[in-house]
Amino acid sequence: MNTRIFSLVMQNLKDSFSLPKYDGLELNQLSILDDLPFTPVRREKFAQAIMNELDIEHLQLSGTVEHFVQSLDKIYMKRFFGEIWKPDTDDHTFSGWSIVDRINERNPKNVLDFGCGYNQFKPRIKNLTGIDPYNENADYMVDILEFNVDEKYDHMIVFGSLNFGDEDDIRARFDKLYNLLDTGGRMYFRVNPGILWPKGPYVDIYAWSFEFAYALAKEYNCKLEQYKKDRQRFYFEILKM
Ligand SMILES: C[S@@+](CC[C@H](N)C(=O)[O-])C[C@H]1O[C@@H](n2cnc3c(N)ncnc32)[C@H](O)[C@@H]1O
């Protein structure tokens, strides 16, 4: 779950119900919005505060807090990654254009670019499919969790895209990627150690570390290779044994 949007929602709910008569009202991620004792004015004020802070025009106040946060996260991520964020491939040494030769020289059979953004590698790397839930340049606009295919991939590019939400979000998607990777296949990562985007303060960046990458690789009986700094990010490869 997007922990930044969750905190914003919880803070505004607490403000809405800060009167003594609401003492004892339990607010948590399972609270159902329609069951909360909003007056029409407070409900409108709550909605307006969230819309102003996230700079969005519509929202639907329904379901649980968790469900509400997920729907806000989708709207926010779509706007940020579909319209505001621009590619920075030129700025990276190991996770920039040099990946094109490194993959092509291995004669790839089937390459997956997970969170491909503007799908810049598509015309340059053989047999590449780009998926991304928020960018219309993807071959498939889908999250990996809903990407169900029978084929396997021998190379996967994961540049800046397995980096959002909490550890459970990262682990669920890593697991799916691992299962779609051929034995002997290789994943190429660029990860963010927790640096927020000034223009997207509610994009929830998971702070990757060497320890986490190493532990994850070990858990899956994979090899972690080439861990190095790539400007303000880290580059590494994971090899499926
Ligand atoms: C920092 S950008 C990197 C884009 C591209 N890989 C590049 O290097 O130019 C992060 C990308 O991850 C995508 N993304 C965010 N959440 C995702 C998810 N759950 N599954 C796949 N891609 C996701 C975003 O839409 C965005 O295009």
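The values are calculated or read from the model by the stated rules, or taken from the named source; none is laboratory data. As the structure is a prediction and not an experimental result, all values here were calculated from the model. Counting neighbours? That spans all protein chains shown, and the Cβs are built from the backbone with ideal geometry, glycine included. When the accessible area is computed, the model is the full protein with side chains, heavy atoms only, and any ligands, DNA or RNA have been set aside. Shrake-Rupley method; radii C 1.70, N 1.55, O 1.52, S 1.80 Å.
Below, the figures for the structure above:
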{"quantity": "Overall form of the stretch 1-113 per C-alpha gyration tensor (a/c, 1.5; a/b vs b/c)", "calculated": "prolate"}
{"quantity": "Trypsin sites (Lys or Arg not before Pro) lying in DSSP loop within the stretch 209-241, provided at most 14 other Cβ fall within 10 Å", "calculated": "Arg231"}
{"quantity": "Per residue value of the accessible surface for the chain (all protein chains in place, 1.4 Å probe), Å²", "calculated": "51 Å²"}
{"quantity": "Structure-based [θ]222 nm, the chain - -39500 (n - 2.57) summed over DSSP H runs of at least 4, per residue, nearest 500", "calculated": "-10000 deg cm²/dmol"}
{"quantity": "Two-decimal Rg to Rh for the chain - Kirkwood Rh, Cα set", "calculated": "1.04"}
{"quantity": "Carbon + sulfur, % of accessible area of the stretch 89-240 - ligands and nucleic acids excluded, 1.4 Å", "calculated": "46 percent"}
{"quantity": "Whole-angstrom gap from the stretch 129-171 to the stretch 207-241, using each part's C-alpha centre", "calculated": "18 Å"}
{"quantity": "Net length gained if the chain between Asn127 and Lys78 were fully extended (0.36 nm per residue, minus Cα distance)", "calculated": "15.0 nm"}
{"quantity": "Sulfur and carbon atoms: percent of accessible area, the stretch 3-84 [1.4 Å]", "calculated": "50 percent"}
{"quantity": "Residue order for Asp90, Asp175, Asp230, Asp154 - accessible surface, 1.4 angstrom probe, largest first", "calculated": "Asp90, Asp175, Asp154, Asp230"}
{"quantity": "Arg171 versus Lys223: modelled label distance in nm, points set 7 Å from Cα along the beta carbon direction", "calculated": "2.7 nm"}
{"quantity": "Along the chain, longest interval not containing exposed GluC sites (Glu not before Pro), exposed being DSSP loop plus at most 11 other Cβ atoms within 10 Å", "calculated": "152-241"}
